[in-house]
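Visitor: Structure incoming, see below.
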Amino acid sequence: MTAAPGNRTPSGNGLLEIPFTASSLSHVRFHAGEWATRSGLPRDRRAEFVLAVHEAVSHAVRHGTGHGRLHLREEQGALHCHVLGAGPSPSRADDTGAREACGTDTTESSGEDLAAVRRLTDHLSIGTAPADGTVARFTFTLPAG
């Protein structure tokens, strides 16, 4: 069961920002898992959180510029994750300009990892930011308590 926003005492977990590349994916998973543990995310949801982080970050590495930044914060009873530089949006998978801009083939398979993120999270949105390219944002609601 998920908590209503604001029905939880914050854990005191601060903002976590991790730059990433292909060679740092295990580092990102480890630190995201530790951060989620300190936030009080239950074990089963924590495994889903780490998997969602991994899929979104891997998407950025494979279909974006090969690097990016992960921002994690706890706010209003939920864990918020932003993956900056997450590559092209799955809805633009057939766009020639997107393929040329990221320097890689963005076939339909490029959206499979973000589809997994959508299934695992409480909310997923994908947008763009001028300085960061594609940004994947997702949340996990924390239990009340």
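The values are calculated or read from the model by the stated rules, or taken from the named source; none is laboratory data. This structure is a prediction, so every number in the text was calculated from the model and none was measured. Cβ coordinates were reconstructed from backbone atoms using ideal geometry, including for glycine residues, and neighbour counts include every protein chain displayed.
Visitor: How many residues does the range 111-131 contain that are modelled with pLDDT under 80 and under 15 Å from the mean Cα position of the chain (by Cα)?
Guide: The qualifying residues number 3.
Visitor: If we keep just the residues of the range 6-54 that are touching a Ser or Thr at 6+ places or on another chain (Cβ under 7 Å) and farther than 17 Å from Asp113 by Cβ, which is modelled with the highest pLDDT?
Guide: Filtering the range 6-54 for residues touching a Ser or Thr at 6+ places or on another chain (Cβ under 7 Å) gives 11, 13, 25, 38-40, 46, 52.
Imposing the further condition that a residue be farther than 17 Å from Asp113 by Cβ reduces the set to 11, 13, 38-40, 46.
Working: Ser11: 66, Asn13: 76, Arg38: 93, Ser39: 93, Gly40: 92, Arg46: 96.
Only one residue fits best here, namely Arg46.
Visitor: Do you know which residues across the range 11-27 are assigned to a helix (DSSP H, G or I) and closer than 16 Å to His59 by Cβ? Break it down stepwise before answering.
Guide: Filtering the range 11-27 down to residues assigned to a helix (DSSP H, G or I) leaves 22-27.
Those that are assigned to a helix (DSSP H, G or I) and closer than 16 Å to His59 by Cβ: Ala22, Ser24, Leu25.
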